[in-house]
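What follows is a short report on a single structure.
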Amino acid sequence: MGQPIAVGFFGVVAIWFAITVFRTSSMVRSALALLAVMVALGGIFLALEAEFLGVLQLMMMASEMTIMAIFMVMYMMDPGGLGQMEMTHQKRSAGLVGALGALGGVTLAVFVAWGGGATVPTPTGQLRLLGLEIMGRSMLIFETAGVTILVAMIAATAVAIARWR
Amino acid sequence: MTLTLCLLVGAVLFGIGLYGAFSQTNLVMIMMGVEVMLGAAMLNLVAFWRFLHPQAFSGQMFVLIVMTVMALEAAVGFGLATARFRAKGSVEMEEAAELKG
């Protein structure tokens, strides 16, 4: 009973802050708004009874967005947004593309008969099943993802410290 | 009904992310648009897992992969931003027209 209400509430919060990300001229505020979007998504995950993913989302995004805020302050000419610098281009076509994308998704969401109504395992059962999935059938995928992220970390650092003329 | 609600939220978030990725001039802000889009994709995956296949945990596995992709995107993006900032002194993409083929 409470599930649709919780999902709706966190959904509205997520959409509101997603709009804020691209409307505010302060970089730190927009990084924090993105963090709020991700926290709201974590709330939806928890409301959908995916406890592990919800908590993981909250922890990962809290650290990721904090790092993002630091980088924003480092690389922006006007991180505080005090100069009211124009930071957008091709606003109209971008808005059109965004509206079309959202409209397409909404059409699919509303007009497809998705079915559903299945019951989920208990949190403990979920953890057990996810562990079996990760360490069994999806082991190769999981390991590959780990190695890929390690390679990306090393490569990104190498690019960042390389000497540029 | 809740599934439709989740998909609606995901669709709107995806649209906003698309707008952000196309309209922003700063590399870091473009990455934020991509992050919003990936968040919408994750929401859809969790909703589909919950309401259509709660016994199949490949769905949650897929969410973990998308989270990895988000972290990768941030790492690669910031690596590029650092390189670009050192070479040119800014990450404004309006000034990156020399990358045009």
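The values are calculated or read from the model by the stated rules, or taken from the named source; none is laboratory data. Nothing here was measured: the structure is a model prediction, and the numbers come from that model. A quick note on method: Cβ atoms are made from the backbone with ideal geometry, for glycine too, and the neighbour counts reach across all protein chains shown.
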Discussion item. Just to check your reading of the model, which residue among B:PHE48, B:PHE62, B:PHE22 is facing another protein chain (nearest Cβ under 7 Å) and either more than 27 Å from A:LEU46 (Cα to Cα) or not charged (D, E, K, R) (or both)?
Written reply: B:PHE22
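Of the residues B:GLU35, B:GLU73, only one is within 7 Å of chain A (Cβ to nearest Cβ), on the phi < 0 side of the Ramachandran plot and either among the small types (Gly, Ala, Ser) or in contact with a helix residue (DSSP H, G or I) (Cβ under 7 Å, 6 or more places away or on another chain) (or both); which?
Values: B:GLU73 fails: within 7 Å of chain A (Cβ to nearest Cβ).
Within the list B:GLU35, B:GLU73, the selection yields B:GLU35.
From the list B:LEU7, B:LEU80, which residue is assigned to a helix (DSSP H, G or I) and either in contact with a His (Cβ under 9 Å, 6 or more places away or on another chain) or more than 19 Å from A:GLY42 (Cα to Cα) (or both)? Give the derivation first.
Working: B:LEU7 fails: either in contact with a His (Cβ under 9 Å, 6 or more places away or on another chain) or more than 19 Å from A:GLY42 (Cα to Cα) (or both).
Every option except B:LEU80 fails the conditions.
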Worksheet entry | Condition check for B:THR68: surrounded by 14 or more Cβ atoms within 10 Å (Cβ to Cβ), farther than 16 Å from B:VAL34 by Cα and within 7 Å of another protein chain (Cβ to nearest Cβ) | no
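Table: residues versus (1) at pLDDT 90 or above; (2) more than 11 Å from the chain's Cα centre (by Cα); (3) not hydrophobic (A, V, I, L, M, F, W, C).
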{"residue": "B:ALA11", "(1), (2), (3)": "yes, yes, no"}
{"residue": "B:VAL36", "(1), (2), (3)": "yes, no, no"}
{"residue": "B:GLY39", "(1), (2), (3)": "yes, no, yes"}
{"residue": "B:LEU45", "(1), (2), (3)": "yes, yes, no"}
{"residue": "B:PHE48", "(1), (2), (3)": "yes, yes, no"}
{"residue": "B:GLY59", "(1), (2), (3)": "no, yes, yes"}
Item to complete: State which residue pairs qualify: first residue buried (at least 20 other Cβ atoms within 10 Å of the Cβ) and inside segment A:34-50, second residue of a type in the set (Lys, Arg) in any location, beta carbons under 7 Å apart, and separation of 6 or more residues or different chains.
Response: A:LEU48/B:ARG50; A:ALA50/B:ARG50
Practice prompt. Please work out which residue is nearest to the other protein chains (Cβ to nearest Cβ), limiting yourself to segment A:40-64 and to residues that are assigned to a helix (DSSP H, G or I) and acidic (Asp, Glu).
Written response: A:GLU64
Item to complete: List every residue pair whose Cβ atoms sit under 7 Å apart, with the two residues 6 or more apart in sequence or on different chains, where the first one lies in segment B:43-66 and is over 16 Å from A:MET60 (Cα atoms) and the second, anywhere, is among the small types (Gly, Ala, Ser) and assigned to a helix (DSSP H, G or I).
Response: B:ASN44/B:GLY10; B:LEU45/B:GLY59; B:PHE48/B:GLY59; B:TRP49/B:GLY59; B:HIS53/B:GLY59
